[in-house]
Every structure is written in structure tokens, then in C-alpha cells.
Amino acid sequence: GPAALHAVRTGEKVAVAPHTRALQDQLMDKELPRLHEALGGGFAYAVLKGQSNYLCRRRALEVTRPRPGRAFSERLARAYLRAFLRRSADGDLDRVSYWFREHHPELTALIDASRSEPGATLGERCPHYALCFYHSAVAQAQQADVLVVNQSLALSWPARYPKISHLVLDEAHELEDAA
């Protein structure tokens, strides 16, 4: 609450870094929407993760291209990843089904080959740039007053990410483990 009010009053971007993914999800799914509504929509918020946490649309389409002679389990893993690509709003690989990964280990290799990575990104030259999950997340973060990030990302903040003026560490006693 106070961090969001400060960001709105001063125009300074505030990042909040909880220790766990559960706390990050709680902020994004419950706390910030409630605060946003209570303040009449007076601030923007977004979550930003490290680049490798996002699916690269170009690479995913490449590795899931149908090829004859594949075993059923390989075709199934490719079909799941294509469906995830179509239905995902943010390309967050944390949202890939744990159950499906456990029952279809072929999916793990496909995901690894489909991650957005600094060395593989084509940026604006990519034919899928307008729909890029990673670049969209960075653009949303640029517009946000409050960013939710994990502690390890906060400690290794890439230069291409938006400048943050203030960092709120939730459970700062866990920071040593994140480092």
C-alpha cells in the first residue's frame, strides 16, 4: 500500500521483491488487485521475471513443428506446448503443468529449447516481436508504478530493465539465500 502510494505521488518506480513464488503470486493475484480497486485504479502494476522464465514464440513454433515419424509421447508433448503457446497470456513457463511435465518428460527438453534467452533473441527483427512474451513483459514493466520481482532478479537487475527508484524486500532475512 504505502509503496504504491509513494510511486504514484512521486513518479518513482517501486519494486517489491518477495522471497517465494507463492508470495509473488499472492501480491499479483490478490493484494495488488484489491489495492488497485480501493485506490480507484490510480496506479499500474506488473510482474517481471528474468528473461529465461518466458517462452519464446519463435523458438517454440520451431521445436513444435510437426515432423513425421515421431512417437506418440513426443507428439503429445509438442501438442501440449503448442496449446500452451496459444492460450498463455504471458508465456510464463512457471505456469506449465507440473503434472504434464512429470508424465511426459519430453516436454522438459522442448521447454528448454523454447526459452527466451538473451543470446537467441532477435529483438525487433523477430517476426513475432509484436507478440513476444518477454518484450511485452518489459514494456508493461516500463509503464508500471509498482513492479513485483523475485529477490534474485532484484540482485542482478539487467541494464535493459526499467530503472527502479526503490526496492522493498519482503522477508529480507532470506536475501542471503537468494544471493
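A few comments on the model shown:
- Count of the stretch 127-144 residues, restricted to those that are buried (at least 19 other Cβ atoms within 10 Å of the Cβ) and touching a strand residue (DSSP E or B) at 6+ places or on another chain (Cβ under 7 Å), is 5.
- Condition met for TYR161 (buried (at least 18 other Cβ atoms within 10 Å of the Cβ), in contact with a Ser or Thr (Cβ under 7 Å, 6 or more places away or on another chain) and touching a residue at least 12 places away in the same chain (Cβ under 8 Å)): no
- Single match in ARG95, ARG82, ARG101 (criterion: farther than 26 Å from THR20 by Cα, surrounded by 11 or more Cβ atoms within 10 Å (Cβ to Cβ) and of a type in the set (D, E, K, R)): ARG82
- Hey, ARG34 among the basic types (Lys, Arg), under 30 Å from SER165 (Cβ atoms) and open to solvent by 30 Å² or more (accessible area, probe 1.4 Å) or not: yes
- In summary, PHE84 fulfils each of the numbered conditions (1) in contact (Cβ under 8 Å) with a residue 40 or more places away in the chain; (2) farther than 30 Å from GLU12 by Cβ; (3) of a type outside the set (D, E, K, R) with the single exception of condition (1).
- Search result, residues across the stretch 63-79 that are under 30 Å from GLU124 (Cα atoms) and surrounded by fewer than 16 Cβ atoms within 10 Å (Cβ to Cβ): ARG65, PRO66, ARG67, ALA79
- The stretch 7-28 - residue that is aliphatic (A, V, I, L, M) and not in a helix (DSSP H, G or I) and, of those, most open to solvent (accessible area, probe 1.4 Å): VAL16
- The residues listed here are ALA46, ALA4, ALA60; of these, the one that is open to solvent by less than 60 Å² (accessible area, probe 1.4 Å), outside any helix (DSSP H, G or I) and in contact with a Leu (Cβ under 7 Å, 6 or more places away or on another chain) is ALA46.
- Residue within the stretch 77-85 that is modelled with pLDDT of 90 or more, farther than 23 Å from GLN142 by Cβ, assigned to a helix (DSSP H, G or I) and within 15 Å of the chain's Cα centre (by Cα) present: yes
- Hey, ALA154 hydrophobic (A, V, I, L, M, F, W, C) and either at pLDDT below 85 or in a loop (DSSP other than H, G, I, E, B) (or both) or not: yes
- Of residues in the stretch 145-158 being open to solvent by 50 Å² or more (accessible area, probe 1.4 Å) and either under 14 Å from the mean Cα position of the chain (by Cα) or hydrophobic (A, V, I, L, M, F, W, C) (or both), the one farthest from GLU62 (Cα to Cα): LEU155
- For the stretch 98-126, taking the residues that are closer than 20 Å to VAL47 by Cα and part of a loop (DSSP other than H, G, I, E, B), the one that is nearest to the chain's Cα centre (by Cα) is identified as SER116.
- Some residue of the stretch 78-94 being at positive phi and in contact with a strand residue (DSSP E or B) (Cβ under 8 Å, 6 or more places away or on another chain): yes
The values are calculated or read from the model by the stated rules, or taken from the named source; none is laboratory data. As the structure is a computational prediction, the values presented were derived from the model and not from experiment. Note that each Cβ is placed from the backbone with ideal geometry, even for glycine, and that neighbours are counted across all protein chains shown. When the accessible area is computed, the model is the full protein with side chains, heavy atoms only, and any ligands, DNA or RNA have been set aside. Shrake-Rupley method; radii C 1.70, N 1.55, O 1.52, S 1.80 Å.
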